[in-house]
Amino acid sequence: MADQASISSTEWEWFVHATSVRSIPSGVTIVQSDEPVQHAYFCTQGLFRLYYILPDGREYNVAFTLENDFATSYGAMITGSTSKYTIQAIEDSIVIEIPYSTLQNLMDRSHNWERFVRTAIERLYIRKEERERELLYLSALERYHAFLVKYPGLEQRIPQYHIASYLGISPVSLSRILHENH
């Protein structure tokens, strides 16, 4: 993580002393919709899903966070508002829990940390833009192929109903797509 932005050993020590490592069992929520967000989570092991709960109670997966990536509602964290979606572990996971105040402090103290956080946010923005384009322009089959490219091997780690939810189709439709294309 630190080597990506030329973080010095001193700057890394600042980070280590202000964060904590947590084990998150499968099924546990780390960000709850309609609640404030005070932390970012860096996933070192495991898998999370980010999802909305629709008015009719259905869950709509919008993204997955795997190893070596961040999970949080960044917009809620920086504005002090509540999250619009929930983040839940779907495997036993290990995260580095990073208080938002620590991120702010690190960025204020170090251009290297500022660059690191900016790069992480840029990756998130690109993924969000790609996701939006996929939903607007691609067929269900094309969205499935894009999912396989974006998340290689994930189809072996999660139930098909999570994939169907991410694609915006029913599990029956996904089953039909898989059957017709094998």
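Return yes when Leu154 is in contact (Cβ under 8 Å) with a residue 40 or more places away in the chain, of a type in the set (A, V, I, L, M) and open to solvent by 60 Å² or more (accessible area, probe 1.4 Å) and no when it is not.
Against the criterion (in contact (Cβ under 8 Å) with a residue 40 or more places away in the chain, of a type in the set (A, V, I, L, M) and open to solvent by 60 Å² or more (accessible area, probe 1.4 Å)), Leu154 does not qualify.
Would you confirm, using the coordinates I've provided, whether Asn61 is open to solvent by 50 Å² or more (accessible area, probe 1.4 Å), in contact (Cβ under 8 Å) with a residue 24 or more places away in the chain and under 11 Å from the mean Cα position of the chain (by Cα)? Write out each step before concluding.
On the way: open to solvent by 50 Å² or more (accessible area, probe 1.4 Å): no; in contact (Cβ under 8 Å) with a residue 24 or more places away in the chain: yes; under 11 Å from the mean Cα position of the chain (by Cα): yes.
It is false that Asn61 is open to solvent by 50 Å² or more (accessible area, probe 1.4 Å), in contact (Cβ under 8 Å) with a residue 24 or more places away in the chain and under 11 Å from the mean Cα position of the chain (by Cα).
What residue, of Asp69, Asp56, is acidic (Asp, Glu), open to solvent by less than 40 Å² (accessible area, probe 1.4 Å) and either in contact (Cβ under 8 Å) with a residue 60 or more places away in the chain or out of contact with any His (no Cβ under 9 Å at 6 or more places or on another chain) (or both)?
Numbers: Asp56 fails: open to solvent by less than 40 Å² (accessible area, probe 1.4 Å).
Going through Asp69, Asp56 in turn, the sole match is Asp69.
Answer with yes or no whether Thr86 is polar (S, T, N, Q) and either touching a Phe, Trp or Tyr at 6+ places or on another chain (Cβ under 8 Å) or free of Cβ contacts under 8 Å to residues at least 40 places away in the same chain (or both).
yes
From Ser110, Ser23, Ser9, grab the single residue that is open to solvent by 80 Å² or more (accessible area, probe 1.4 Å) and over 27 Å from Ile163 (Cα atoms).
Ser9
Given (1) in contact (Cβ under 8 Å) with a residue 40 or more places away in the chain; (2) under 27 Å from Gly27 (Cα atoms), where does Tyr161 come up short, assuming only one miss?
(1)
In region 30-44, what residues are part of a loop (DSSP other than H, G, I, E, B) and of a type in the set (Ser, Thr, Tyr)?
Within region 30-44, just Ser33 meets the criteria.
Restricting to region 35-49, count the residues that are under 29 Å from Asp108 (Cα atoms) and either surrounded by fewer than 18 Cβ atoms within 10 Å (Cβ to Cβ) or not aromatic (Phe, Trp, Tyr) (or both).
Number satisfying all stated conditions: 9.
It is to be established whether one or more residues within region 149-167 are closer than 28 Å to Ser6 by Cα and part of a strand (DSSP E or B).
No; the residues of region 149-167 include none that is closer than 28 Å to Ser6 by Cα and part of a strand (DSSP E or B).
Can Gly27 be described as at pLDDT below 95 and assigned to a loop (DSSP other than H, G, I, E, B)?
So Gly27 does not fit the description; no.
Return the residues of region 91-114 that are over 11 Å from Ala40 (Cα atoms) and touching a Gly at 6+ places or on another chain (Cβ under 8 Å); say none if nothing qualifies. Before the answer, list the steps.
First, pick out the residues of region 91-114 that are over 11 Å from Ala40 (Cα atoms): 91-94, 104-114.
Of everything in region 91-114, those that are over 11 Å from Ala40 (Cα atoms) and touching a Gly at 6+ places or on another chain (Cβ under 8 Å) turn out to be Glu91, Asp92, Ser93, Ile94.
Being under 19 Å from the mean Cα position of the chain (by Cα) and of a type in the set (S, T, N, Q) is the filter here; which residues of region 5-46 pass it? Quick ask: steps written out before the conclusion?
Here is the first cut: in region 5-46, the ones under 19 Å from the mean Cα position of the chain (by Cα) are 19-46.
Correct list: Thr19, Ser20, Ser23, Ser26, Thr29, Gln32, Ser33, Gln38, Thr44, Gln45.
Go through region 72-101 and give me each residue that's open to solvent by 60 Å² or more (accessible area, probe 1.4 Å) and either closer than 21 Å to Ala146 by Cα or not basic (Lys, Arg) (or both).
Ile78, Thr79, Gly80, Asp92, Ser101
The values are calculated or read from the model by the stated rules, or taken from the named source; none is laboratory data. Note that the structure is a prediction, hence the values are computed from the model and not measured. When we count neighbours, we look across all protein chains shown, and the Cβ atoms used for this are built from the backbone with ideal geometry, even at glycine. Keep in mind that these areas ignore ligands, DNA and RNA; they rest on the heavy atoms of the full protein, side chains included. Shrake-Rupley method; radii C 1.70, N 1.55, O 1.52, S 1.80 Å.
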